[in-house]
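Below you'll find the structure, written out as structure tokens, and then a few comments.
The values are calculated or read from the model by the stated rules, or taken from the named source; none is laboratory data. All values derive from a computational prediction rather than experimental measurement. Cβ atoms come from the backbone with ideal geometry, glycine included; neighbour counts cover every protein chain shown.
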Amino acid sequence: MSSTVPAGAPLRPLQRALVYASAFFGITTESLIGMLLPLWALDRGLPPAQLGIAVALASLSPLLLAVPAGALCDRYGDRRIMIWAGLGAGVTAALYPLAGGFLTACGLQLLGGLARSMSWLSAQSYAIRATPTGERNSFMGRFSFAGSIGMLLAPLAAGALVSWQGLGAGFLLMAVWGGLLTLVALPLPDIREHERVGTLWQVSSGAYRQALPLLWQAPLLIVMLLTLLRLSSAAVNASFYPVHLDQIGFSAARIGFMFACINGAVSVGSLLAAQLIRRSSMTAVLFGSIVLATLSISAVPFVTAPIAVGLLSALHGLGLGLSLPTLLMAIGRQTAPSQRGLVIGLRTLFNRLGYFAVPVLLGGLVHALGLKGAFLATGALLLAGLGGTYAYLRRSRLTYD
């Protein structure tokens, strides 16, 4: 049995390390599936449209269920959700090598996408709930850094394993990595603001009724729009980025290295975010980092030299790394402790909306315009959305500082 502590209560050093480890294991399966699924699709000979649909389906169940999942974190505790989500992520990953075709992969994407999403959702919710207010900036920076280190190491290991033993070995690594979240969560204390009541159905069915009115708060709405645009940019590297690298002759090991370039830069960005906010502003870091992530990934199909691909990949990762802890800090400032699971669920919904829409859009655009045209058109749409969001922020005279 685990102990129960109030939100914001000081954690022991080992418990803090376990919270960081939950980021290390909780987000990494998303990075691995972004690398392994396109390679699996190429191995099975799937056309671009089917690859886009398969990638998008991993976001369908989280898109529909993210807000209820956040409410379940508030009701039953983040730790309990982490335990079951980690098990689900591990089991579904182990089944991918057995998938013989498109329809089987779609089923696994629906189930595995929900488990992977809830793994990261519950880890974020636990971290925000566990952090004393005065330590939030530094704590969330280290939490994001731990996640990005996992995303740095896992693709390197997966790329080497796939080159050595084939795709099955890569999915086995993903299964072990996802399942380790359960072992990390078991020793953690439960964190509750106050006792929640309600059955599973009552909590789930009432989640949207509680969450959607929060979007009337303009500062929180802007955070959610920025979340959507950030993850839409990341969805490009989780779908057709490996396809481009395969087409220009990169091996699985080199593709894994390019993902490591992205995630290594994410690590650097996560650590730099708090310093940049102190020297400029949270608003500047939020918008500037997403512009950087979008411009750099949109330019990747126009280069073939490994150094150029690696540089653009690193710039993309730097933008993603700067924006993640900054968004989490903004959420912490804009929400009450008892609502944080619900709000992280909302954030996951907007994340998954980007992950759902962009691969399908890219699949159609690749067919019509080719890779270069598709990446350019997607980047232009995301930058236009970012410009509109910034104009709304200025017109509303809002700030996060």
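In the stretch 96-118, the residues that are of a type in the set (K, R) reach residues that are modelled with pLDDT of 90 or more with C-beta atoms within less than 7 angstrom, at least six apart or across chains, in these pairs: R116/A89. Being assigned to a helix (DSSP H, G or I) and touching a Phe, Trp or Tyr at 6+ places or on another chain (Cβ under 8 Å) is a condition met by no residue of the stretch 132-141.
When Y126 is tested against (1) within 21 Å of L60 (Cα to Cα); (2) surrounded by 24 or more Cβ atoms within 10 Å (Cβ to Cβ), exactly one condition is not met: (1).
Looking across A377, A305, one residue alone is touching a residue at least 12 places away in the same chain (Cβ under 8 Å), more than 21 Å from P62 (Cα to Cα) and out of contact with any Gly (no Cβ under 7 Å at 6 or more places or on another chain). It is A377.
Any idea how many residues of the stretch 268-292 are part of a helix (DSSP H, G or I) and surrounded by fewer than 24 Cβ atoms within 10 Å (Cβ to Cβ)? Spell out the reasoning first.
From the stretch 268-292, those part of a helix (DSSP H, G or I) are 268-279, 282-292; that's our starting set.
Next, only the ones that are surrounded by fewer than 24 Cβ atoms within 10 Å (Cβ to Cβ) stay: 268, 271-272, 274-279, 282-284, 287-288, 291-292.
Total satisfying the criteria: 16.
What about L167, is it within 20 Å of the chain's Cα centre (by Cα) and surrounded by fewer than 21 Cβ atoms within 10 Å (Cβ to Cβ)? In short, no. Contact map, the stretch 64-76: first residue at positive phi and in contact (Cβ under 8 Å) with a residue 60 or more places away in the chain, second residue outside any helix (DSSP H, G or I) and of a type outside the set (A, V, I, L, M), Cβ cut-off under 6 Å, separation 6 or more or different chains; the map is empty. Tallying residues that are assigned to a loop (DSSP other than H, G, I, E, B) and surrounded by fewer than 23 Cβ atoms within 10 Å (Cβ to Cβ) within the stretch 240-256 yields 4.
Of note, S270 satisfies the criterion of being at negative phi and under 17 Å from the mean Cα position of the chain (by Cα). When M118 is tested against (1) within 20 Å of S22 (Cβ to Cβ); (2) at pLDDT 90 or above, only condition (2) is not met.
Taking the condition under 20 Å from Q247 (Cβ atoms), surrounded by fewer than 24 Cβ atoms within 10 Å (Cβ to Cβ), touching a Leu at 6+ places or on another chain (Cβ under 9 Å) and not basic (K, R), does L369 pass? Yes, satisfied. When the stretch 121-146 is filtered for residues that are modelled with pLDDT under 85, touching a helix residue (DSSP H, G or I) at 6+ places or on another chain (Cβ under 7 Å) and among the small types (G, A, S), the ones remaining, listed by number, are S125, A130, S138, G141, S144.
Taken over the stretch 188-239, residues that are in a loop (DSSP other than H, G, I, E, B) and either charged (D, E, K, R) or modelled with pLDDT of 80 or more (or both) amount to 5. Listed here are the helices (runs of 4 or more DSSP H) enclosed by the stretch 23-100 that have at least 1 residues being within 29 Å of D190 (Cβ to Cβ), touching a helix residue (DSSP H, G or I) at 6+ places or on another chain (Cβ under 7 Å) and among the polar types (S, T, N, Q): 28-44, 60-76, 78-95. Looking only at residues in the stretch 351-401 that are of a type in the set (V, I, T) and out of contact with any Pro (no Cβ under 7 Å at 6 or more places or on another chain), which one is modelled with the highest pLDDT? For the stretch 351-401, the residue satisfying everything is T389.
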